[in-house]
1. List the number of the failed condition for PRO43; all other conditions in (1) at pLDDT 95 or above; (2) over 30 Å from GLN102 (Cβ atoms); (3) not in a loop (DSSP other than H, G, I, E, B) hold.
2. Quick one: what pairs do we get from segment 129-154, first residue at pLDDT 95 or above, second assigned to a loop (DSSP other than H, G, I, E, B) and of a type in the set (Lys, Arg), C-beta under 8 Å, 6+ apart or different chains?
3. Go through segment 143-160 and give me each residue that's over 13 Å from ILE105 (Cβ atoms) and not in a helix (DSSP H, G or I).
4. Search segment 99-128 for residues that are closer than 26 Å to GLN5 by Cβ and of a type in the set (S, T, N, Q) and pair each with any residue that is modelled with pLDDT under 90 and open to solvent by 30 Å² or more (accessible area, probe 1.4 Å) when their beta-carbon atoms are under 8 Å apart and the residues are at least 6 apart or on different chains.
5. Against the conditions (1) closer than 27 Å to SER16 by Cβ; (2) open to solvent by less than 20 Å² (accessible area, probe 1.4 Å); (3) more than 18 Å from the chain's Cα centre (by Cα), where does GLY157 fall short? Just the number, please.
6. Take the residues of segment 4-40 that are acidic (Asp, Glu) and outside any helix (DSSP H, G or I): which is farthest from the chain's Cα centre (by Cα)?
7. Would you mind finding the one in ILE256, ILE230, ILE312, ILE284 that is under 23 Å from VAL31 (Cβ atoms) and of a type in the set (Val, Ile, Thr)?
Amino acid sequence: MGVSQFLNTPHDTAFSMEVLPPLRGKSIDSVFRTIERLLPFNPAYVNITTHRTETIYHETDSGMFERFSVKSRPGTVAVAAAIHERYGIPAVPHLICSGFTQSDIENELIDLSFLGITDLLVLRGDRARGENRFTPTPGGHTHALELCEQVNRFNEGVLMDGSLCEKLEKPFTYGVAGYPEKHEEAMNPATDLENLKRKVEAGATYVVTQMFFDNKKYFDFVLRAREAGIRVPIIPGLKPLTTLTHQSMLPKTFHIDFPEELSEELRKCRSNDEVKDLGVEWGIAQARELRAAGVPSIHFYSMNAATSIERIAKAVY
């Protein structure tokens with residue numbers, strides 16, 4: 001059963017997680033260790049992030065600079081294939097606009113279809129490092145909606161140059177991102193929901209939210225989405241706090257707020273260990289309330305947080 005079908009059928013609240021490909025030149029063993037640590041909680045699927053290509057410059061012996069395009073974390077397709085083969089868990093690679101041309105995306109879809117990996121999370125992706133607004137890659141897409149439409153055309157056997165190929169026996173299905181506290185570039189929550197509805201109308205079968213630390217914002221987001229006519233499952237995304245730097249880094253990077261009660265407790269923390277304990281305590285409370293509400297799955301962002309997620313899951317599942 002594919003991820004989209006699973007999430008759209010009745011079941012108890014599932015456990016799912018997101019992992020990062022290893023840094024360039026590093027072993028995949030760290031990814032395997034994270035998954036194996038969390039295998040006892042029967043993950044329904046594992047997401048694998050994709051990172052944009054960045055431009056770097058190297059000075060040559062002549063004093064000139066050569067331009068190189070590199071990814072700090074290559075290998076999303078390979079990691080998805082390894083997880084799928086090694087553990088038999090549905091792997092859900094991220095497909096992004098950022099740093100990719102339409103041709104790059106098409107080639108990735110071809111590779112994934114060969115591997116039998118047809119569950120995707122379709123995203124716009126982040127801005128390039130140092131830019132204050134998103135600039136599409138030449139030959140790429142500006143919005144995730146356009147990426148959804150490219151996947152749809154590929155499913156119908158239409159390549160980007162208009163030529164035809166065999167229609168897939170098992171077409172790609174995909175989820176998209178939602179933002180309980182509004183995407184940073186949306187004019188307001190209403191326009192943010194309009195954009196989400198367009199992606200669902202294009203074919204997205206579920207939504208995974210940005211991390212949040214106030215369940216009220218998630219429940220309000222779901223209510224507003226339903227009132228807007230969005231009927232697909234909306235999966236809450238959680239990330240445990242693990243370091244003192246999260247106090248300022250997470251709100252700044254992800255444009256989210258901490259509830260006052262959490263902020264007060266964070267201000268009392270004097271070490272990363274204290275933050276980790278608080279993060280686990282807060283994560284358990286969030287997850288228990290979400291599970292009691294019958295959410296289809298709780299999706300955990302595992303970067304540097306596998307130990308905390310394990311503690312939370314033991315208390316909740």
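1. If we test PRO43 against (1) at pLDDT 95 or above; (2) over 30 Å from GLN102 (Cβ atoms); (3) not in a loop (DSSP other than H, G, I, E, B), just (3) comes out false.
2. ALA144/ARG124; LEU147/ARG124
3. HIS143, GLU156, GLY157, VAL158
4. Going by the 8 Å Cβ cut-off, the qualifying pairs are SER113/LEU168; THR118/LEU168.
5. Every condition holds for GLY157 apart from (1).
6. Filtering segment 4-40 for residues that are acidic (Asp, Glu) and outside any helix (DSSP H, G or I), the one farthest from the chain's Cα centre (by Cα) comes out as ASP12.
7. Exactly one of ILE256, ILE230, ILE312, ILE284 is under 23 Å from VAL31 (Cβ atoms) and of a type in the set (Val, Ile, Thr), namely ILE312.
Here is a yes/no grid of residues against (1) under 21 Å from GLU18 (Cβ atoms); (2) open to solvent by less than 50 Å² (accessible area, probe 1.4 Å); (3) among the β-branched types (Val, Ile, Thr); (4) touching a Cys at 6+ places or on another chain (Cβ under 9 Å):
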| site | (1), (2), (3), (4) |
| --- | --- |
| PRO93 | yes, yes, no, no |
| ILE96 | yes, yes, yes, no |
| LEU112 | yes, yes, no, no |
| LEU120 | yes, yes, no, no |
| GLU131 | no, no, no, no |
| THR135 | no, no, yes, no |
| PRO138 | no, no, no, no |
| HIS141 | no, yes, no, yes |
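The values are calculated or read from the model by the stated rules, or taken from the named source; none is laboratory data. None of these values were measured; they are calculated from a predicted model. Cβ coordinates were reconstructed from backbone atoms using ideal geometry, including for glycine residues, and neighbour counts include every protein chain displayed. The area values use the complete protein model at the heavy-atom level, side chains included, leaving out ligands, DNA and RNA. Shrake-Rupley method; radii C 1.70, N 1.55, O 1.52, S 1.80 Å.
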